[in-house]
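Participant: Here's a structure for you.
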Amino acid sequence: MKLSIINAGAIQILPWTDDTEDYDPWITADQADKVAHDSQIRISSNKELSLIALNERGDVVGAIWSTLERDDDQDAMVYDFDVAVDPKHRSGQTMIGIRLINSALEDFESIKSDDPRTYIRVCVINSRLADILERRYGFDVESEHRDRKYMTHYGN
């Protein structure tokens, strides 16, 4: 992952790795799983923890789980991610969710520069997030089923 470290305010967005001295990887992974659980987000089993948002105490307050898989129907690679933000940290000026999404899109653009046929496909259960992805980032709604929107984005 070619992400830069983003540190604005008291929140840092970092790539998650199990080989770092910046934080305990196993504690942060457990904390990220708890954030997803508390947010009622079920992370798909094919996704791995890729980004974490840490507060000033080093606690995980948000995370991104992602995967890159082959889409044989499109003869392309598909990047998919789930985002979760601790419910206690969703309001205010920190914009943790937006900052995590920006970092995931930076990761996607890096991957896309190596393989231009790569695109994003996500399943969104939060209607507010779906609106943000559509209006702010240019995602398209491909289909809807009950409370889920299936969205794609082909990048810039």
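Participant: Can you confirm whether TYR137 is touching a Cys at 6+ places or on another chain (Cβ under 7 Å) and either modelled with pLDDT under 95 or under 21 Å from LEU68 (Cα atoms) (or both)?
Facilitator: Considered against the rule, which asks whether it is touching a Cys at 6+ places or on another chain (Cβ under 7 Å) and either modelled with pLDDT under 95 or under 21 Å from LEU68 (Cα atoms) (or both), TYR137 comes out as no.
Participant: Which condition does ASP80 not pass, out of (1) touching a strand residue (DSSP E or B) at 6+ places or on another chain (Cβ under 6 Å); (2) part of a loop (DSSP other than H, G, I, E, B), if it passes all the others?
Facilitator: (2) is the only condition that ASP80 fails.
Residues checked against (1) of a type outside the set (A, V, I, L, M, F, W, C); (2) surrounded by 15 or more Cβ atoms within 10 Å (Cβ to Cβ):
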position	(1), (2)
PRO116	yes, no
ARG121	yes, yes
ARG128	yes, no
ARG135	yes, no
ASP140	yes, no
MET151	no, yes
GLY155	yes, yes
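Participant: Picking from ARG70, ARG146, which residue would you name as being under 22 Å from ARG42 (Cβ atoms) and among the basic types (Lys, Arg)?
Facilitator: ARG146
Participant: Of all residues in region 36-70, count the ones that are without any contact (Cβ under 8 Å) to a residue 12 or more places away in the chain and either in a helix (DSSP H, G or I) or on the phi < 0 side of the Ramachandran plot (or both).
Facilitator: Selection size over region 36-70: 5.
The values are calculated or read from the model by the stated rules, or taken from the named source; none is laboratory data. All of these numbers come straight from a predicted model, not from anything done at the bench. All Cβ positions, glycine included, derive from the backbone under ideal geometry; neighbour counts span all protein chains shown.
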